[in-house]
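J.: Dropping the structure in here first, questions after.
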Amino acid sequence: MNRTRSQALQRRAERFFPGGVNSPVRAFGAVGGAPPFIERAQGAYLFDADGNRYIDYFGSWGPMILGHAFPPVVEAIERAARNSPSFGASTAIEADLAERITVSYPAIEKMRFVSSGTEATMSAIRLARAATGRKLIIKFEGCYHGHSDGLLVKAGSGVATFGIPGSAGVPDEIAHLTIALPFNDLAAVEAAFAAHSGNIAAIIVEPVVGNAGCIPPHTGPAALSSGLVEKSGLVEKMSPQAREAWDAINGPADFLAGLRSLTRNHGALLIFDEVMIGFRVGGKSATYDPDLVTLGKIVGGGLPVGLFGGKRELMDQLAPLGPVYQAGTLSGNPLAMAAGLATISYLQEHADEVYPKLEKMTAAVFDGVAQEAQNASVVLCANRASSMWTWFFTGGPVTNYQQAAKSDTAAFARFHRGMLDRCIWLPPSQFEAAFMSYAHTDADVEATIAAAREVFASFAA
Ligand SMILES: Cc1ncc(COP(=O)(O)O)c(C=O)c1O
């Protein structure tokens, strides 16, 4: 495959940008080879500077759920641009988009728009600290919540891809305010609350992890690991023996329900970071009633948008009503709001077509590739939640970051390069999720499975 123009563009980019990129994982460091430079995209396809066409299972790291250059979204952006891209003053469209979001997210009574997921989580944490008067935050290993100082501790995405514990430049005093625990481990959370009684402001969690690869939460009964079981609102104490018997019968406890109970019992807030899964993997906020929710990616329809929101009395602590300061020159930008409104309106008005199609197409490619791996005796653990998934190159199970980290990343890199050479664009790291879009066709899925068959066959050679 010819990529000479992309290679030349990469060399030029390296003169101006560290690693030639404006976000680290784009450099393809974990999979090798120069990254193709993209010129345009349409529907399910990316076109690079050398004229190669790729079937895209990445969708700009998640936002492009309707496919690239989706006409209603492009038209909305064009219309907004003709009225000037920015005013720095309030516009009606901000409330139009907000109203749509509250329909799908009952946990969000009030919100504030920002320009990235990083800003959303950073601001939600500030608010949680102010509201509780506490400093400590619990996060989970392999979860990525953007690149603000306190949230880079044992983070996922690029931090996991490059195998680093955090980031240089984050003072220890800040990093020590973050407690990183294994995902799906309620006993660890209970122990942290016991050890830091009265000091934990909030738990922030990706309800379905995407940034260590796709890792769904345990969804068993609403039981806590060290002996509390919540049934019909009743919390009772169980002996360790009863606990063991309960687990044997019921399986692991519902992780998110456990987080909700623990935070309530200990006066801490629960923050669901749905920047990646929002409007893709439904229902988590509606079921578990978090205090704050962060969104991004899809709500901006491909333009830079994030938001944080939640209970009215919490959100009203923000300036100008309250003492918690947060602001943004381009927050609620009219172009970004137009793209977001067109995307969310389409998703809500065509939910009965969009989501079943996403489910069907995702199941087909997810199962089809896993079957090809099995046929070729390549060991995979395949995790999926709705239209996001990861093929981990390990026997599994993968229920937390430590297990994900056992993956054979060299095998993943080989798989990735083989697929890219067959014009299939997958996330360039074992520790990222793949995404389906509404624009993908049966033919795309078949081509992808056929490509995987060839690549797995080459593993044996
Ligand atoms: C769950 C989650 N939170 C926060 C972020 C940060 O968002 P952004 O890259 O827009 O700053 C990401 C980005 O991938 C994410 O997946």
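J.: So what's the net charge close to Gly59: Lys and Arg +1, Asp and Glu -1, counting the other residues with Cβ under 10 Å from its Cβ?
T.: +1
J.: Computed over the Cα atoms, what is the radius of gyration of the range 1-141 divided by 2.2 N^0.38 Å, N being its residue count?
T.: My calculation over the Cα atoms of the range 1-141 gives 1.38.
J.: Using a Debye calculation, one point per C-alpha and no hydration shell, please list log10 I(q)/I(0) for the range 77-185 at q = 0.11, 0.13, 0.21 Å⁻¹ in order.
T.: Here the Debye-derived log intensity ratios amount to -0.51, -0.67, -1.13.
J.: Residues with beta-carbon under 15 Å from that of Gly142, excluding Gly142: net charge, scoring Lys, Arg +1 and Asp, Glu -1?
T.: -2
J.: Counting chymotrypsin sites (Phe, Trp or Tyr not before Pro) as exposed when in a DSSP loop with at most 15 other beta carbons within 10 Å, what is the longest stretch of the chain free of them?
T.: Excluding the exposed sites themselves, the longest stretch runs over 163-324.
J.: Compute the whole-percent fraction of alpha carbon pairs in the range 365-461 spaced more than 23 Å apart.
T.: 17 percent
J.: Taking the square root of 5 times each eigenvalue of the Cα gyration tensor, what semi-axes in Å does the equivalent ellipsoid of the range 291-345 have, largest first?
T.: So the three semi-axes of the range 291-345 are 23, 13, 8 Å.
J.: Can you list the HN-Hα couplings for the range 32-40, worked out from phi with the Karplus curve (6.51, -1.76, 1.60; θ = phi - 60°), rounded to whole Hz and with x for Gly and Pro?
T.: Along the range 32-40, the couplings run x, x, 6, x, x, 8, 9, 9, 7 Hz.
J.: Here's a follow-up. Going by how many other beta carbons lie within 10 Å of each one, how would you line up Leu292, Leu136, fewest first?
T.: The order, fewest Cβ neighbours first, is Leu136, Leu292.
J.: I've got another one for you. What are the radius of gyration and Dmax of the chain, computed over its Cα atoms and given in Å?
T.: Final numbers for Rg and Dmax: 22.1, 68 Å.
J.: Based on alpha-carbon atoms only, what is the radius of gyration of the range 357-402 relative to the globular estimate 2.2 N^0.38 Å?
T.: Its radius of gyration relative to the 2.2 N^0.38 Å reference: 1.16.
J.: One quarter of the convex hull surface, Cα atoms only: what value does that give for the range 1-65 in nm²?
T.: 4.6 nm²
J.: Could you compute how fast the range 142-181 diffuses translationally, taking Rh as the Kirkwood radius over C-alpha pairs and applying Stokes-Einstein at 25 °C with viscosity 0.890 mPa s? Give it in µm² per second.
T.: So the translational diffusion coefficient is about 248 µm²/s.
J.: Would you tally the net charge around Met419, using a Cβ to Cβ cut-off of less than 15 Å, leaving Met419 out, and scoring K and R as +1, D and E as -1?
T.: -2
J.: Could you work out the pair-distance distribution P(r) of the range 259-356 from its alpha-carbon pairs, with 10 angstrom bin width and percents rounded to whole numbers?
T.: Calculated over all Cα pairs of the range 259-356, the distribution is 14, 37, 35, 13, 1 percent.
J.: Right, another one. Using label points projected 7 Å from each Cα along Cα→Cβ, tell me how many nm separate Asp352 and Ser84, to one decimal.
T.: For Asp352 paired with Ser84, the spin-label model returns 4.3 nm.
J.: May I pose another question? Could you please state, rounded to a whole Å, how far the C-alpha centre of the range 142-212 is from the C-alpha centre of the range 286-363?
T.: 23 Å
J.: What does the C-alpha gyration tensor say about the overall shape of the range 327-377? Classify as rounded when a/c is under 1.5, otherwise prolate if a/b is larger than b/c, or oblate.
T.: oblate
Every read-out reported here was derived from the displayed coordinates using simple, explicitly stated rules and does not represent laboratory data. Values in this document were obtained by computation on a predicted structure and should not be read as measured data. Note that we place each Cβ from the backbone using ideal geometry, even for glycine, and neighbour counts take in every protein chain shown.
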